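First up is the structure itself, then whatever we jot down about it.
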There are 2 protein chains.
Amino acid sequence: MGSVADALVRISRLVDRVFTEVAREQGLTPQQVHLLCLVDARAVGMKELAEALDLEKSSLTGLVDRVARRRLVTRIPDEHDRRACRVTVTDEGARVSAICHREVVRRLEAMADHMADADKQTLAKLVAQLSD
Amino acid sequence: MGSVADALVRISRLVDRVFTEVAREQGLTPQQVHLLCLVDARAVGMKELAEALDLEKSSLTGLVDRVARRRLVTRIPDEHDRRACRVTVTDEGARVSAICHREVVRRLEAMADHMADADKQTLAKLVAQLSD
DNA sequence: TATTGTTATACTCTATAACTATA
DNA sequence: TATAGTTATAGAGTATAACAATA
């Protein structure tokens, strides 16, 4: 077809595939890696995390449970609200998160290998405009 | 960050969200809609379908079962190989597939609403280059 | 023997509804 | 009363391994 939308859908499938592949090599699901990457920068509350991942809070509970069982994240009590907790990465979690991020980026950049540098820059800029 | 890869990952998440939303409005899962769209053009064998969806054949069996239960696809025997079958859309399946495709495209195009036409064309072209 | 597809089984992912504890 | 998070439950998605039927 050639429309922007069709191109985006195709790309999205490709990215998913790469993401799933990388996650699997670490013994994780793509959802678990998404979670890991989100809490890598800072401790995040369950509510905020659920919104970022577009999940019901009850779905997130289980997801965090499973990643915590693998010792990649932990729940810490929120200092200002005794109902709440915040999810943080462990050292091992940070390590795995970094590996996944690096590998995903590496493989996606490889997909753009045959493109001219100028085109790559243009693409990055235009795609960034979309997600504003 | 601003790298191509990071932009692609962000876009992929956006597309996923749109796709899931549209599927849900039709009472379907995104996986079921992907299946539906793939068999919309022509009857496809289970093996080819599994490869296109990046699924194990056993996973596909269940997925097709569930979509068939909703009367959106049917299995027809392969004329040349009595082990095999091909999956085809029903009239209702074609209808739903068309709605989903139209809605996904509409919402994704809307995301690019604020872009100049020239930029949209450039984006479509560059993204197409990636998935070659 | 190899291939196409299904079945059996076990987990993961997800939503809805009801619940607990705190704000 | 409202909010943060969990639990209970049910259904969907997925992989692995074993299987049936046909090539």
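Only the coordinates and a few stated rules stand behind these numbers; no lab work does. Being a predicted model, the structure only gives us computed values, none of them experimental. Note: ideal-geometry Cβ built from the backbone for every residue, glycine included; neighbour counts use all protein chains shown.
Quick notes on this structure:
- Distances in nm from B:ARG95 to the matching label points in the other copies, shortest first (labels 7 Å along Cα to Cβ): 5.7
- Taking the empirical scaling 2.2 N^0.38 Å for compact globular proteins as reference, the protein assembly as shown has a Cα radius of gyration ratio of 1.11.
- Rounded to 10°, Cα long-axis angle of helix A:57-69 versus longest principal axis of chain A: 80 degrees
- Under 5 Å, built H, 5+ apart or other chain: amide partners of A:ALA84: A:ASP78
- Nm distances between copies for B:ASP113, ranked from closest, using label points 7 Å along Cα→Cβ: 4.0
- Under Karplus coefficients 6.51, -1.76 and 1.60, residue-wise ³J(HN,Hα) of the range B:29-46 in Hz, glycine/proline x: 8, x, 5, 5, 5, 4, 4, 4, 5, 5, 8, 5, 6, 6, 5, 10, x, 4
- Assigned charges on the beta-carbon of Lys, Arg, Asp, Glu; the range B:6-80 dipole about Cα centre (debye): 320 debye
- Lysine pairs in the protein assembly as shown whose alpha-carbon atoms fall under 26 angstrom of each other, counting only those eight or more residues apart or on distinct chains, come to 6.
- Measuring nothing but alpha carbons in the range B:79-132 and taking Rh as the Kirkwood radius, the Rg to Rh ratio lands at 1.24.
- Rotational relation B to A, axis-closest Cβ in chain B, residue and distance rounded to whole Å: B:SER12, 2
- Distances between equivalent label points of A:ARG66 across the copies, with each point positioned 7 Å along Cα→Cβ, amount to 1.4 nm, shortest listed first.
- Counting every alpha-carbon pair across the range B:1-92, the share separated by more than 20 Å comes to 43%.
- Which of A:GLY45, A:GLN129, A:ALA68, positive extreme of dipole for chain A (C-beta unit charges): A:ALA68
- Cα-only Debye scattering, the range A:37-132: base-10 log of I(q)/I(0) at q = 0.19 Å⁻¹: -0.95
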